[in-house]
Amino acid sequence: MSKPRKLSLHRQLLIWLLAPQLLLWLAAAFVSYSVALRYADEVIDRSLVQSSRALARQVKPLGEGLYIDFPRAAREILEEDPSDRLYYMVSTPPGEFILGEKDIPPTPRELAREVGKPYFYDGVLRGRVVRVAALYLRIGTEERPQTMLVQVAKSTALRTQLQRDILIDTALPLALLLVLTSVLVWAGISRGLSPLRHLRRLVEKHSPRELSALEVENAPAEVRALARAINSLLEEVHGQVAAQRRFIADAAHQLRTPLAGLKSQSELVRGELNQAEPDRAALLQRLAQIETSVARAIRLVNQLLALARAEPDAALPLAPLDLVRLAREVTMEAVPRALARQIDLGLDDAPAKLLISGHDGLLRELLGNLIDNAIQYCPAGSEIGVRVVDEGAHAVLAVYDNGPGIAEAERGRVFERFYRGAMEGQGKGCGLGLAIVQEIARRHHAQVLLQDNLPHGLRVVVRFRLT
């Protein structure tokens, strides 16, 4: 099942910028329309009130009756426009018809009856929706007070037309403004993203073999920050590629020596065998040299594999482990090799248990390399010790010997791969032991120190943080 295609950054910015504008446009249109409609209703209602008061002034009390001064010309003016006709009715007491249209919708029952205050409501008159203004007035004398109701109604067609005109006049300019804003936003986003497009072209033009830095000095700060991050990554990749190339070249060089020796010794053995009377002692010596070359090649390959496992290509699964138990087991495994070289190897007194967070296999490789280095470069009769110490916040693993040690001037380089320096020829090492130790310690956030072991010899200290 294919994954849904994600929107481009250009489209996402366009959506996030235009969507709020559209919502604001709708809100502004609604608010403007509501405000304009409210004012239009107030104008219409005010007109109805004025008409009802003008009509009320034409009805005057006379004795015990009413005098209506409402000439025909005035009625014709009110009824002149059939589409916007004004309807009216006068009743006193309220509900008793006197003048006007009998069909005007009556006032709702829930409507108040306060004298002198106009009330408004909607109704239906002859199939048309009308807006009605009702005005209660006090007439008559103090001895015989009466109440008169004046109702004036007008069709809502004009109001509906006015609402439509207000809506068009409000929404149309805002719609044009929205379209113009969208065009400007689209152009602005396109121009704003142009540095990213330029950066993309620079990256696309980069050859996999060319890891030089990207030049984007005139770009905005955000793009420069992205370019710096890419340049930092390119620099790191360049360093790793260069290190791998050096590693492959050094490994090929180191493997060439034992393999060339193996080839030459095998040729000499073949020559001895082709003789009429082979020299048994010479053959045994050649075979011993072949075994030495094979052992050196095997050791080199194993250390190369250990170094590859120690490199930080993936997350290292760490777990609590007992450093004392690990030191005891690795030391016991190395005792036969030390005895074969007539070297005394032992583990000093240690705490019963000391937990750290680490990888069991890599830490065994670390300690094994430290012990093997000491065995390789210490002469017969030397002593090698392994010590585990609890220093509170740290656990210290130390391997010390009374061998030749390492000169102070060389201690900065012995962690380089294949570097053996003044110890060249003293042992059968390949110059990878301390490089492996350093890499494993780095992956465990540990510190490796080289110290003098007085009166002579070397002490290698690895400091771990306790869990």
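The values are calculated or read from the model by the stated rules, or taken from the named source; none is laboratory data. From a predicted model like this one, the values you see are computed outputs, not experimental measurements. FYI the Cβ positions are ideal-geometry reconstructions off the backbone, even for glycines, and counts take in every protein chain you see. For accessibility, only protein heavy atoms count, side chains too; no ligands or nucleic acids. Shrake-Rupley method; radii C 1.70, N 1.55, O 1.52, S 1.80 Å.
Quick check for you: which residues of region 93-134 have the amide N under 18 Å from the point 7 Å beyond the Cα of residue 45 toward its beta carbon?
Within reach of a label on residue 45, which here means backbone N under 18 Å from a point 7 Å along Cα→Cβ, region 93-134 contributes 107-124, 130-134.
Just the accessible area for residue 294, please: 1.4 Å probe, Å², rounded to the nearest 10?
60
Would you check the accessible area of residue 206, probe 1.4 Å, heavy atoms only, in square angstrom rounded to 10?
Approximately 50 Å² for this residue.
List every residue whose amide H lies under 5 Å from the amide H of residue 394, counting only residues 5 or more places away in sequence or on a different chain, with H placed 1.01 Å from N in the peptide plane.
Residues meeting the amide H criterion: 466.
Working with all protein chains in place, sort 148, 332 by solvent-accessible area computed with a 1.4 Å probe, largest first. Display every interim value, and only then the final one.
Numbers: 148 0, 332 130 Å².
The most accessible residue leads, giving 332, 148.
Probe radius 1.4 Å, ligands and nucleic acids left out: which of 25, 186, 16 has the largest accessible area, and how do the rest follow? Each step should come with its number before you reach the end.
Numbers: 25 55, 186 140, 16 190 Å².
Greatest to least solvent exposure: 16, 186, 25.
Given a Förster distance of 30 angstrom, what is the FRET efficiency for residue 37 paired with residue 102, based on the Cβ-Cβ distance and rounded to 0.05? Walk me through the intermediate numbers first.
Details: r = 32 Å, r/R0 = 1.05.
Efficiency, from the Cβ-Cβ distance: 0.40.
Nearest 0.05, what FRET efficiency do residue 161 and residue 198 give at R0 = 51 Å with Cβ-Cβ as r?
So, using R0 = 51 Å, E works out to roughly 0.35.
How do 349, 322, 103 rank by accessible surface area computed with a 1.4 Å probe, from largest to smallest? Let's see the in-between values first.
Numbers: 349 150, 322 20, 103 90 Å².
In descending accessible area the options line up as 349, 103, 322.
For region 126-227, what is the convex hull volume of its Cα atoms per residue in Å³? Intermediate results must be reported in sequence, preceding the final value.
Details: hull volume 23.7 nm³, N = 102.
Per residue, the Cα convex hull of region 126-227 comes to 233 Å³.
Probe 1.4 Å, all protein chains in place: accessible area of residue 199 in Å², nearest 10?
10
Residues with amide H under 5 Å of residue 146's amide H, sequence separation 5 or more or different chain, H placed in the peptide plane at 1.01 Å from N; which?
The answer is 139, 140, 141.
May I ask you to derive the FRET efficiency for residue 217 and residue 416 from their Cβ-Cβ distance with R0 = 35 Å, giving the value to the nearest 0.05?
Calculated transfer efficiency: 0.45.
How charged is the neighbourhood of residue 115? Take every other residue with its Cβ under 14 Å from the Cβ of residue 115, and add Lys/Arg as +1 and Asp/Glu as -1.
Details: positive: 53, 113, 117, 138; negative: 114.
Residues near residue 115 contribute +3 overall.
For residue 184 and residue 147, compute 0.36 nm times the residue count separating them, minus their Cα-Cα distance, and round to one decimal in nm. Each step should come with its number before you reach the end.
Details: separation 37, 0.36 × 37 = 13.32 nm, distance 6.52 nm.
Difference between extended and current length: 6.8 nm.
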